[in-house]
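Bear in mind that the values in this text are calculations on the coordinates, not laboratory data. Keep in mind that what you see is a predicted model, and the values were worked out from it rather than measured. Methodologically, a virtual Cβ is constructed for each residue, glycine included, from the backbone with ideal geometry; neighbour enumeration extends over all protein chains shown.
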Amino acid sequence: MNKLIMITGATSGFGKACADIFAKNNNNLILTGRRNDRLTEVKQELISKYGVEVLTLCFDVQDKEATFEAISSMKGSWTAVDVLINNAGLASGFDKIQDGDLNDWERMINTNVKGLLYVSKAVIPLMQNRHKGHIINIGSTAGKEVYEKGNVYCASKHAVDAISKAMRVDLLGEGIKVTQVCPGAAETEFSEVRFHGDKQKAKQVYNGYTPMTAENIAEVIYYTTTLPENLCINDLVLTSVAQANSFYIKRD
Ligand code: NDP
Ligand code: 8X3
């Protein structure tokens, strides 16, 4: 067995694709998310396909107590986390700032910023104990530039950008790598969640071009973990060939 990989938000999209590629490459997994039925399904599938060990932890990263309780329930070999993929996150709503919904704003800030911090705060001591580890934060092109109606989502991903840089500085000397991976548009459940379940609006985001897939992102994330001990990829921006940045997408 290679490493122990902890992935937040493994019930869908990037997290689920990461679970698959890491399991295929003989790594054990800790998978988290709020939908326990999906966690169980993913766990059973990976165990039967690849024969790896999988621990599932069902909690909402917005809930500080639940997050620390779940992570402190990890015992024995499950505490030797080699790689933490801080992936759980979402966009909620797509409105100009003057029309924004406070509940959407809180959901994004509490998940993308505070949730990522809670999980990191709970896992970093486990890495410090072993003087090794790798934290991979999922940022976004939305963390590199802001776009119309992206306001609070962009702010939350700019925060992930800042937190990733800050982690890298503060963790110097702890033997812990910090990588930020910043994807552009990739077709997952992301847009469906952003548009509050409106599948038609979600589909339009990907009309007229070939977006990235969750598997594309997972492949790159996996690659960042295969490098020599002394080498750390700090920051990666990924887009499909049809996309240059948050503003320019070439559609048919
Ligand atoms: P999906 O909606 O497909 O997956 C999101 C995952 O996050 C799900 O597993 C969900 O699990 C989990 N999650 C969401 N909220 C919470 C929460 N409060 N507590 C625990 N888990 C949570 O989207 P993606 O795979 O596309 O998104 C993954 C990450 O990538 C996010 O951080 C997103 O911002 C980022 N991203 C996405 C891009 C895209 O175009 N798709 C581009 C750039 C970045 P559950 O619902 O079971 O809790
Ligand atoms: C998701 C990509 O372009 O919707 O982070 O902000 S985008």
Within the range 1-60, residues within 23 Å of V181 (Cα to Cα), of a type in the set (G, A, S) and free of Cβ contacts under 8 Å to residues at least 60 places away in the same chain come out as A19, A23, G33
Scanning the range 39-98 for residues that are more than 19 Å from H134 (Cβ to Cβ) and in contact with a His (Cβ under 8 Å, 6 or more places away or on another chain) gives S92, G93
In the set I97, I124, the lone residue that is within 21 Å of C58 (Cα to Cα), in contact (Cβ under 8 Å) with a residue 24 or more places away in the chain and surrounded by fewer than 23 Cβ atoms within 10 Å (Cβ to Cβ) is I124
The one condition F68 fails out of (1) more than 22 Å from V113 (Cα to Cα); (2) aromatic (F, W, Y); (3) free of Cβ contacts under 8 Å to residues at least 60 places away in the same chain is (1)
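Please specify each residue of the range 106-145 satisfying the condition of being part of a loop (DSSP other than H, G, I, E, B) and touching a strand residue (DSSP E or B) at 6+ places or on another chain (Cβ under 8 Å). Can you show your working first?
Keep residues of the range 106-145 that are part of a loop (DSSP other than H, G, I, E, B), which gives 131-132, 139-140, 144-145.
Residues satisfying the conditions are K132, G139, S140, K144.
Could you please let me know if I47 is β-branched (V, I, T), part of a helix (DSSP H, G or I) and crowded, with 16+ Cβ neighbours inside 10 Å? Steps first, please.
Details: β-branched (V, I, T): yes; part of a helix (DSSP H, G or I): yes; crowded, with 16+ Cβ neighbours inside 10 Å: no.
No: the conditions fail for I47.
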Next on the checklist: Condition first: within 16 Å of ligand 2 (Cβ to nearest atom), surrounded by fewer than 21 Cβ atoms within 10 Å (Cβ to Cβ) and closer than 18 Å to R34 by Cα. Can you find one or more residues in the range 154-169 that meet it?
Outcome noted: no
